[in-house]
Amino acid sequence: MLRVAIDGPGGTGKSTIAKAVAERLGLEYIDTGAMYRSIALKSIRKGVDAEDEPAVVDMLSDTVIDFNDNKVYLDGEDVSGIIRTNEISMAASTISKLGPVRAKVDEVSRRLASTKNVVMEGRDIGTAVIPDAEVKLFMTADSSVRAMRRYKQLLEQGKPADLDEIKEDIEKRDYQDSHREINPLKQADDAVFMDTSDMSIEENIDAVCELIANKTGRDV
Ligand code: DC
């Protein structure tokens, strides 16, 4: 059994790295943030206030979330593309504070990790979702570096971008994710810390694969 848990704040490139590592090692990639994003999307579509716990619980009672083949499904609909907006990032961070929302995503995440070898990324994988994961990593990067990466990405996509605004949003979400009551973003005591501020994507992928090889004796 091989379960790789990667946690860290938003915009660190965790998804890119986790996906590439999963592909290289033949593991299943699970993006838990995408599941929180899907629930946030549904709350926006239905006009449910993300801070209104009873209303969110009611909405969850007929909500089915699944993650399969790098895609997230909300009530059977592939929403992988449309959840990647700034509005959904903030709404996901807000709705993820609620216990019943976390329980729902945790249940799906644990089920997936119990049947497959996985690279799972999020905020609380090593601390709460799979605390006994074989490899645990806490990945971060300076908020200015994260903002610049995002800024360049938006410009490349021909989308409008304001560097100061992006940095402000990143720091706001960092604060919210690490100060909530239930399973906040936090490095697990036994997780390896990795600052990726000065790493290229290739260097980062290599570093993670090397760590997995060292921890598990697996040839990568
Ligand atoms: O990784 P992401 O940016 O897609 O995550 C979106 C939000 O979901 C994040 O700001 C907080 C929440 N989240 C969480 O609370 N726990 C996780 N394991 C993953 C994401």
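Here is how the numbers come out for the structure above:
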read-out: Relative contact order computed over segment 124-181 (Cα-Cα under 8 Å; 6+ residues apart), in percent; value: 26 percent
read-out: Charge context of Ile44, other residues only, Cβ under 12 angstrom, K/R +1, D/E -1; value: +2
read-out: Kirkwood hydrodynamic radius (C-alpha pairs) into Stokes-Einstein, segment 96-207, 4 °C and 1.567 mPa s, D in µm²/s; value: 81 µm²/s
read-out: Stokes-Einstein diffusion coefficient of segment 1-130, Kirkwood radius over Cα pairs, 4 °C, 1.567 mPa s, in µm²/s; value: 88 µm²/s
read-out: Solvent-accessible area per residue for the chain (1.4 angstrom probe, square angstrom); value: 49 Å²
read-out: Sequence ranges 139-150, 209-220, 157-168, ranked by mean other-Cβ count within 10 angstrom, highest first; value: 139-150, 209-220, 157-168
read-out: Unit charges at the beta carbon, dipole of segment 1-53: most positive-side option, Tyr36, Ala50, Leu2; value: Leu2
read-out: Protection proxy ranking, peptides 120-130, 68-78, average beta carbon neighbours within 10 Å, highest first; value: 120-130, 68-78
read-out: As computed over the chain, the Cα convex hull volume per residue (Å³); value: 119 Å³
read-out: Proximal lysines to Lys215, defined as alpha-carbon separation beneath 22 angstrom and excluding residues fewer than eight positions away on the same chain; value: Lys14, Lys19, Lys116, Lys136, Lys186
read-out: Debye, to nearest 20: dipole size of segment 1-93, +1 on Lys, Arg Cβ, -1 on Asp, Glu Cβ; value: 480 debye
read-out: Relative contact order %, segment 32-170, counting alpha carbon pairs below 8 Å whose residues are six or more apart; value: 22 percent
read-out: For segment 33-167, size of Cβ-based charge dipole, Lys and Arg +1, Asp and Glu -1, in debye; value: 400 debye
read-out: Share of alpha-carbon pairs per 10 Å distance bin for segment 141-220, given as whole %; value: 15, 32, 33, 17, 2
read-out: Helix runs (DSSP H) in the chain reaching 30 Å along axis by Cα, Kyte-Doolittle at least 1.0; value: none
read-out: C-alpha center-to-center spacing [segment 1-58, segment 70-125] in angstrom; value: 3 Å
read-out: Carbon + sulfur, % of accessible area of the chain - ligands and nucleic acids excluded, 1.4 Å; value: 47 percent
read-out: Computed over segment 34-83: relative contact order in percent, which uses C-alpha pairs under 8 Å that are six or more apart; value: 36 percent
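The values are calculated or read from the model by the stated rules, or taken from the named source; none is laboratory data. Not measured: the values here are computed from a predicted model. Positions of Cβ are generated from backbone atoms using ideal geometry, with glycine treated the same way; all protein chains shown enter the neighbour counts. Surface areas here come from the heavy atoms of the whole protein model, side chains and all, with no ligands, DNA or RNA. Shrake-Rupley method; radii C 1.70, N 1.55, O 1.52, S 1.80 Å.
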